[in-house]
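Visitor: Mind looking over this structure? Questions follow.
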Amino acid sequence: MSGDEVIFNLKNSHLNTGMRGVPVGTCRTSFVTPTEGVHYCGYPISELGGMEPEDVIYLLFNKELPSEEQSKVFKSDLASRTALPDGTRAVLASLPKDGHPMDWLSIGIHTLGMLDGKDDWKEDSLNLIARMPRLLGLIFRYREGREENIPEDNSKLSLTERFINTLQIDGVDHDKMRRVLNAYLVLHLDHGGGNLSTFTGKAVASGHASFYSAIASAMNALSGPLHGRANQSCLEFVLKVGTSDPVEVENFIREELAAKRPVFGFGHAVLRAEDPRATYQFALGEEICPDDENFRIIRTLREVAPRVLSENEKISNPNANVDIASGTLLHHVGLTDPEYYTTFFGWARVAGIGAQIVDERTKMRDGKGVPIYRPKYIAEAQSLRHIE
Ligand code: CMX
């Protein structure tokens, strides 16, 4: 390395960190604090967990919770937007069945944009929110080869009921499934502005790509194992633990740590207490599935893991995060294939990222919108090599 290169590296050693902690914009929908976790428009998530997703989506778009009347009007507005454009199913029928569900979701969203984009940020965002349950239900069915006899969509149902109606799994408790999905959606709607998928969606929208292109890009960002796919990994981890005996669980955790593998469902980049989204889901689990074997395992993990992880001073937060319980609850209500779990995360984030895109494109800078994203990269010696 030349002397110039050494100086260059020293001067810029704070770069190439994934923009960690660099302020780049403002967010009108949500923020995260170390003790209370995510807040939507000022409300801590612990106060919103039991609400209907439609009302919390209204909050993200309008910055206030709806009155009873406003809630009714918003739900009937969504109901008027539910019809998927003709041609959607033909595209789904052509996709490879072994493709990852997140790739299906991204293509599905692009398809809706190509077939019925309105070139209007707000209209497109509300249309997509209204169409997500049917799209996602169809993705499950087409991917699983269950393309025949799909029940008609029923716009009178709630968002989660429309998904359940399309999915049509027999032998499961639909009311429990609705409760778990409602909680899942509300808890995962939004998480500040700088997480990878939200940032990606807003960056793509800043070049005035369509709303659908921006959201499909956000879904691609979410699909990575370091981002949205953690909830899939977390259930896989719980299944691997395989016992709820505290001594065996402790031994298992110690073995994972010794092998330098993460203890999934614990730790957080910002939170320094148990994530209230985990607390909420534990309470829901105690109500609907206290004897489920996987729930017993995560209950023991919650008791044992923070103590063991605390022994390592480097770990800033040994407590449970949002992913500890979501997979277990989804599994309990009949959604047993963890490969699909990130699509539920994506479903929720369509609304949260959508609200942030609408803000950035139509409210920021007195309605002019945030300019096209263009952070600065510093040229390294290699890129200057042929310049005299
Ligand atoms: N298991 C094992 N090691 C852990 C750990 C855990 N649960 N939590 C933190 N650590 C380690 C980190 O890997 C890091 O090690 P290095 O210094 O060797 O790189 C060290 O402890 C310090 O980490 P930190 O500052 O406490 O946390 P980070 O911001 O670096 O990482 C997170 C946060 C979530 C990636 C990490 O806690 C982790 O890997 N958890 C397990 C995976 C998981 O549950 N992911 C879902 C996250 C859900 C969410 O973000 O909401």
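The values are calculated or read from the model by the stated rules, or taken from the named source; none is laboratory data. None of these values were measured; they are calculated from a predicted model. All Cβ positions, glycine included, derive from the backbone under ideal geometry; neighbour counts span all protein chains shown. We work out accessible area using only protein heavy atoms, side chains counted, and drop any ligands, DNA or RNA first. Shrake-Rupley method; radii C 1.70, N 1.55, O 1.52, S 1.80 Å.
Visitor: Please sort through the DSSP H helices of the chain and keep those with an alpha-carbon extent of at least 27 Å along the long axis and a Kyte-Doolittle average not below 0.0.
Guide: 341-362
Visitor: Under a point-charge model restricted to the Cβ atoms of Lys and Arg (+1) and Asp and Glu (-1), what is the dipole moment magnitude of the range 230-332 relative to its Cα centre, in debye to the nearest 20?
Guide: Charge dipole of the range 230-332: 400 debye, to the nearest 20.
Visitor: Rounded to the nearest 10 Å², what accessible area does Asp245 have for a 1.4 Å probe in the complete protein model?
Guide: 60
Visitor: Follow-up question, since we're still on this one. Is the range 32-110 rounded, prolate or oblate when judged by the Cα gyration tensor, a ≥ b ≥ c being the square roots of its eigenvalues, rounded requiring a/c under 1.5 and prolate requiring a/b larger than b/c?
Guide: Oblate shape, in that a/c is at least 1.5 and b/c is the bigger or equal ratio.
Visitor: Give the Rg (one decimal place) followed by the Dmax (whole number) of the range 230-332, computed from C-alpha coordinates and expressed in Å.
Guide: Rg then Dmax for the range 230-332, in Å: 12.4, 36.
Visitor: Moving to a separate point now. Considering only DSSP states other than H, G, I, E and B, which trypsin sites (Lys or Arg not before Pro) in the range 41-102 qualify as loop sites with at most 13 other Cβ atoms within 10 Å?
Guide: Lys97
Visitor: Still on this structure, I have one more. Which loop-located trypsin sites (Lys or Arg not before Pro) does the range 276-318 contain, where loop means any DSSP state but H, G, I, E or B and the Cβ has at most 16 other Cβ atoms within 10 Å?
Guide: Hits after loop and neighbour filter: Lys314.
Visitor: Please give the FRET efficiency for Thr362 paired with Val22, using the beta carbon to beta carbon distance and R0 = 25 Å, rounded to the nearest 0.05.
Guide: According to the calculation, E is roughly 0.50.
Visitor: Sticking with this one: For the range 1-148, what Kirkwood radius comes out of the mean inverse Cα-Cα distance, in Å?
Guide: With all distinct Cα pairs of the range 1-148 included, I get 19.2 Å.
Visitor: For Lys240, what accessible area in Å² do you get when you roll a 1.4 Å probe over the heavy atoms of the protein chains, rounding to the nearest 10?
Guide: Approximately 110 Å² of Lys240 is accessible to the 1.4 Å probe.
Visitor: Next question. Return one whole number: the accessible area per residue of the range 314-388 in Å², for a 1.4 Å probe.
Guide: On a per-residue basis, the range 314-388 sits at 48 Å².
Visitor: May I pose another question? Quick check: from the Cα gyration tensor, does the chain come out rounded (a/c under 1.5), prolate or oblate?
Guide: Here the chain falls in the oblate category.
Visitor: Gaussian network model of the chain, Cα springs within a sub-10 Å range: biggest mean-square fluctuation belongs to which of His14, His268, His100?
Guide: Between His14, His268, His100, it is His14 that shows the largest mean-square fluctuation.
Visitor: Between the range 21-55 and the range 270-314, what's the alpha-carbon centroid distance in Å?
Guide: If you average the Cα positions of each part, the centres end up 21 Å apart.
Visitor: Then there's this: Just Ser67, Ser80, Ser223 to compare: in a GNM of the chain, with alpha carbon springs under 10 Å, which one fluctuates most?
Guide: Among Ser67, Ser80, Ser223, the largest GNM mean-square fluctuation belongs to Ser67.
Visitor: Next up: With the full set of protein chains in place, find how many percent of the accessible area of the chain is carbon and sulfur; take the probe as 1.4 Å.
Guide: Carbon-and-sulfur percentage of accessible area, whole number: 52.
Visitor: Summing -39500 (n - 2.57) over the DSSP H runs of n ≥ 4 in the chain and dividing by its residue number, what mean residue ellipticity at 222 nm do you reach, to the nearest 500 deg cm²/dmol?
Guide: Helix-only estimate at 222 nm: -17500 deg cm²/dmol.
Visitor: On to the next question. With springs only between Cα atoms under 10 Å, which of Ser71, Ser310, Ser206 fluctuates most in a Gaussian network model of the chain?
Guide: Ser310
Visitor: How about the range 134-224: which chymotrypsin sites (Phe, Trp or Tyr not before Pro) there are in a DSSP loop, with at most 10 other Cβ atoms within 10 Å of their Cβ?
Guide: Working: sites: Phe140, Tyr142, Phe163, Tyr184, Phe199, Phe211, Tyr212; in loops: none.
Nothing satisfies the criteria.
Visitor: Taking a ≥ b ≥ c as the square roots of the eigenvalues of the Cα gyration tensor of the range 221-274, is the shape rounded (a/c under 1.5), prolate (a/b larger than b/c) or oblate?
Guide: Values: a/c = 2.02, a/b = 1.57, b/c = 1.28.
Verdict is prolate for the range 221-274.
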